[in-house]
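*Asks:* First the structure, which I've put down as structure tokens, then a few questions once you've had a look.
The values are calculated or read from the model by the stated rules, or taken from the named source; none is laboratory data. Here the structure is a predicted model, which means the values were calculated and not measured. Note: ideal-geometry Cβ built from the backbone for every residue, glycine included; neighbour counts use all protein chains shown.
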Amino acid sequence: MLQKTIMDIYAGHKEMLALLRELVLIQSGSYNKKGLDRMARTMAGVLEETGLETRVISFEHCGDMVLARTSRAGHEPGLLLVGHMDTVFPADTSFDFYREDGDRVLGPGVLDMKGGLVVGVFALKALARAGILDDLPVTVFCNSEEEIGSLYSRKIIESLCRENRLAFVLEGGGLNSEVVVGRKGKIGLELDVQGRGGHAGNLSAEGKSSAILEAAHKIIQLEALNHPPDILVNVGLVRGGMGANCIPETALLEVDIRYKDPADETRITDRVRDICGYMTVPGTNAGFRQVSGRPPMPASLETERLYSLVEEAAQELELPLARETRGGVSDANFIAAAGLPVLDGLGPLGDCDHSEQEYILKESLPQRCALLALSMLKAFPGLKSQSV
Ligand SMILES: [Zn+2]
């Protein structure tokens, strides 16, 4: 039965591309509530067709989200599938087409991660068609603001972690057939420097309290915290002052910090606090606030066990598979921090996400779909022997 199911998946390539086209052509940047609500309705529709109990969760200040479960979900610790429906592209982007070009498919979100949503849907469909899905405790959650920090969905994801015993996240896979076994953590900071304003031509003997000058010292101190590959600090935006003839009264730095070891979070914020507490330019002062962040997803024994399971599935399907640790963050970071074994990057293979060159490899769509379906089955070994 399983063999037939896998054959069905490969035969359903056209259907997969049709759904991918439909999803890609719905503009769904993180702030585009109208588009995201449409995405939620479309996803809810296809998940419902698969036989899942599906509901749209409405939000006022972000796009609606979708929660879908098999009848066994919630009754026993099961498997959580997570994917996001938002993209980084705003409504007025010129990158608003879907194009199949040779062995590639191009379009906004085709890799990050509408392709992954298609993989998820068709893996579920395949298991449903084989009569297996109803026996599996599976929960699917699609959020609408992952690209801007999952501020609203984080709590939902964390509560779903408590009901489940493992998770797969459907972000895109790497071009060398990678799945993601680890991710760095992220801290996003804003650092304010206050000085004393005045006319640049009226400088007193005691000197001036330039916020920009103090910010310049702080930039050098912050950048000195870089310790690649474990700690990466980037002062990525600087704002301050009013004009060349004004002593700058304020300066703002936006800082992005990536780190591997969960213990580094406190070490790093302590160092930033020290930097803010010590002024080189007299008469200035500084403070910082954390504006975003995700804990790291460290490579762990549980992740390795989950990887072995997916690797076994890949071998049976004669597909290559490799491990990847990524610098970028995803909802897998929250899931790992909640203590659930999680593997990410199970979506189709591709590259150039977050750019107008974003693409996936067409043939990886059914391949990853078969891999996910078989891996899901392998996650419930007792059941596999009865049903297949
Ligand atoms: Zn993504």
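*Asks:* Which members of region 243-270 meet the condition of being aliphatic (A, V, I, L, M) and either free of Cβ contacts under 8 Å to residues at least 12 places away in the same chain or buried (at least 16 other Cβ atoms within 10 Å of the Cβ) (or both)? Don't jump to the end; show me each part of the working.
*Replies:* From region 243-270, those aliphatic (A, V, I, L, M) are 244, 247, 251-253, 255, 257, 263, 268; that's our starting set.
Passing the criteria: I247, A251, L253, V255, I257, A263, I268.
*Asks:* What helices (runs of 4 or more DSSP H), lying completely within region 318-388, carry at least 2 residues that are surrounded by 21 or more Cβ atoms within 10 Å (Cβ to Cβ) and in the same structural domain as A123 (by TED's automatic domain parsing)?
*Replies:* 331-337, 364-378
*Asks:* Residues in region 199-210: is at least one more than 16 Å from the ligand (Cβ to nearest atom), crowded, with 22+ Cβ neighbours inside 10 Å and in a strand (DSSP E or B)?
*Replies:* No: zero hits.
*Asks:* A further question on this structure: Under 30 Å from P381 (Cα atoms) and not small (G, A, S): is that true of D344 in this structure?
*Replies:* The answer is yes for D344.
*Asks:* For a quick check of your reading: which strands (runs of 3 or more DSSP E) sit entirely within region 1-110 and have at least 3 residues that are free of Cβ contacts under 8 Å to residues at least 24 places away in the same chain?
*Replies:* 53-57
*Asks:* Further question on the same structure: From the list V169, V180, pick out the single residue that is of a type in the set (A, V, I, L, M, F, W, C), within 16 Å of the ligand (Cβ to nearest atom) and touching a Lys or Arg at 6+ places or on another chain (Cβ under 6 Å).
*Replies:* Of the residues listed, the single one that is of a type in the set (A, V, I, L, M, F, W, C), within 16 Å of the ligand (Cβ to nearest atom) and touching a Lys or Arg at 6+ places or on another chain (Cβ under 6 Å) is V180.
*Asks:* So, one more: List every residue pair whose Cβ atoms lie under 6 Å apart, where the two residues are 6 or more positions apart in sequence or sit on different chains, the first residue falls within region 348-361 and is within 15 Å of D103 (Cα to Cα), and the second residue, located anywhere, is within 15 Å of the ligand (Cβ to nearest atom) and β-branched (V, I, T).
*Replies:* P348/I360; G350/I360; E358/V110; I360/V110
*Asks:* Something else: Working carefully through the options T280, T284, find the one that is over 22 Å from L124 (Cα atoms), surrounded by fewer than 14 Cβ atoms within 10 Å (Cβ to Cβ) and in contact with a helix residue (DSSP H, G or I) (Cβ under 9 Å, 6 or more places away or on another chain).
*Replies:* T280
*Asks:* Which of (1) of a type in the set (D, E); (2) in contact with a Gly (Cβ under 6 Å, 6 or more places away or on another chain); (3) part of a helix (DSSP H, G or I) is the odd one out, the single condition D192 does not satisfy?
*Replies:* Going through the list (1) of a type in the set (D, E); (2) in contact with a Gly (Cβ under 6 Å, 6 or more places away or on another chain); (3) part of a helix (DSSP H, G or I), D192 breaks only (3).
*Asks:* Answer with yes or no whether E190 is surrounded by 15 or more Cβ atoms within 10 Å (Cβ to Cβ) and either free of Cβ contacts under 8 Å to residues at least 12 places away in the same chain or in contact with a Phe, Trp or Tyr (Cβ under 9 Å, 6 or more places away or on another chain) (or both).
*Replies:* When the stated conditions are applied, E190 passes them.
*Asks:* Something else about it: Say whether the condition of being away from the ligand (no atom under 16 Å from the Cβ), basic (K, R) and assigned by TED's automatic domain parsing to the domain that holds L346 is met by at least one residue in region 126-143.
*Replies:* Within region 126-143, one or more residues are away from the ligand (no atom under 16 Å from the Cβ), basic (K, R) and assigned by TED's automatic domain parsing to the domain that holds L346.
*Asks:* Follow-up. Being part of a helix (DSSP H, G or I), within 30 Å of E311 (Cα to Cα), in contact with a Ser or Thr (Cβ under 9 Å, 6 or more places away or on another chain) and not assigned by TED's automatic domain parsing to the domain that holds Q290 is true for just one of E147, E171. Which residue is that?
*Replies:* E147
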